[in-house]
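The values are calculated or read from the model by the stated rules, or taken from the named source; none is laboratory data. Bear in mind the structure is a predicted one, so any value in this text is a computation, not a measurement. Counting neighbours? That spans all protein chains shown, and the Cβs are built from the backbone with ideal geometry, glycine included. For accessibility, only protein heavy atoms count, side chains too; no ligands or nucleic acids. Shrake-Rupley method; radii C 1.70, N 1.55, O 1.52, S 1.80 Å.
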Amino acid sequence: MMNKLSEEQNLTSSRNRSLNFVNIKNFGFRYGVIFAFVVLIIISSIVYNGFLNPTNILNMLSQLAIIGIMAAGMTYVMITGGLDMSIGGLYAATAVVAASLVDSTSIFVAVLVGLSVGLIAGLLNGVLITYLKVPPFVATLGTGSIFTGFALVYSKAQPFFVKDPAYKFFGSHYIGPIPVSVIILAVIFITLGTILSYTLYGKALYAVGGNNEASRLAGLKTNRLIISTYIICGLCASMSGIILSSRLAQGQANIGESIVLDVIAAVVIGGTSLSGGQGAIWRTFIGGSILIMISNVFDSLSISTYWQSIFKGAIIIVAVMIDFYGRSKIQK
């Protein structure tokens, strides 16, 4: 009898240790990005004396604004299991269209038309993917090429220069000590983060990403939900295009060639799963911040941008490996 009790106690103890180990691994995979973020801040402040200077921090946040806004929209898409490769072309197309309209109409009209470009492009992507069943990567890669081609044709491969100094409000002006672009970034992140975490719509997006067919059978309008995420992503890409054209006081058709990699890297490094059903806006903010901090330190050390590209690519590979390993080993 005593032996049997002892065996049961040992078995219970073994199970508890196993559960504790799984919980620790689970915690590590879910919140390890915060640890990496803190460690990077410490290392960066050691190798670069001016890293924590308020001016440098605001500069990094200003750089984050363009990538971060696009990454926030991409987070919505990836949570549903999708991917939007068209944002680079859309970003450039919006910059060109908005910049071309400012002097001939008004800032309000230019911004409204620019955002409309993003809305229509997002709707097109969503319809291609949901109703026409084109795989997200293929559909958005194709539309991205279309948007880039449109920008080149529309601008005749020449930049549109903006004369109205008021247009610089979005990209170069400050409210107090804070750049307007950083305020826009904060508003978008807080709004999209709140919607994703605290509304039925946000919960429905996670459900679609976790199991699209089960969500459909449960009564969710999965196609509409997926289309809405591409519209949000399109609007975010257009907002970033407006900010950049405002900052440069011009719109160019060749500005979106490499930004897609940075946006996807920010989302993936933050921990949003490529398989869908997992992710958060705050994670994307940390992922984007990590990328900007790395670039900031590399620039301060005069390290070539070529090495930065290699480093970013390696980070994406590692982040994806961690994601798939975590999903296969840890019970969600």
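Dipole size of the range 68-256 about its Cα centre, with +1 on Lys/Arg Cβ and -1 on Asp/Glu Cβ: approximately 180 debye, rounded to the nearest 20.
For the residues Ser240, Ser181, Ser302, a GNM of the chain with alpha-carbon springs under 10 Å puts the largest fluctuation on Ser302. Using Cβ point charges alone (K and R +1, D and E -1), the dipole size of the chain about the Cα centre works out to roughly 760 debye. Legend: calculated FRET efficiency, Leu123 to Phe161, from the Cβ-Cβ distance at R0 = 35 Å, rounded to 0.05, equals 0.70. So, with a 1.4 angstrom probe, what is the percent of accessible area on the chain that is carbon and sulfur? It is 68 percent, rounded to a whole number. Under the classification rounded if a/c is under 1.5, otherwise prolate if a/b is larger than b/c and oblate if not, where does the range 132-186 fall, given a ≥ b ≥ c as square roots of the Cα gyration tensor eigenvalues? Oblate shape, in that a/c is at least 1.5 and b/c is the bigger or equal ratio. Going by alpha carbons, how many degrees (0 to 90, nearest 10) lie between the helix axis of 259-270 and the longest principal axis of the chain? For helix 259-270, the angle is close to 30 degrees. In this structure the amide hydrogen of Tyr174, modeled in the peptide plane, comes within under 5 Å of the amide hydrogens of Val180, none closer than 5 places in sequence on its chain.
Which angle from 0 to 90°, rounded to the nearest 10, does the C-alpha axis of helix 54-79 make with the longest principal axis of the chain? Helix 54-79 sits roughly 70 degrees off the main axis of the chain. With a Cα cut-off of under 27 Å and a minimum spacing of 8 residues unless on different chains, the lysine pairs in the chain number 12.
Across the options Leu217, Gly81, Phe137, the greatest Cα extent toward the positive end of the charge dipole of the chain (unit charges at beta carbon of Lys, Arg, Asp, Glu) belongs to Leu217. Solvent exposure of the range 68-256 amounts to 43 Å² per residue of accessible area, where only protein heavy atoms count and the probe is 1.4 Å.
222 nm [θ] for the chain, helices only, -39500 (n - 2.57) per DSSP H run of 4+, per residue, to 500?
On the way: 13 runs with 256 residues, N = 332.
For the chain, the value works out to -26500 deg cm²/dmol.
With the cut-off at under 20 Å, measuring from each backbone N in the range 293-317 to a point 7 Å along the Cα-to-Cβ line of Ala36 picks out 293-299, 307-317.
When Rg and the Kirkwood radius Rh are both evaluated on Cα atoms of the range 68-256, their ratio Rg/Rh stands at 1.01. Averaging the sequence gap over all C-alpha pairs within less than 8 Å and six or more residues apart, then dividing by the number of residues, gives the range 68-256 a relative contact order of 48 percent. Relative contact order for the chain: 31 percent, from Cα pairs under 8 Å spaced at least 6 residues apart, divided by residue count.
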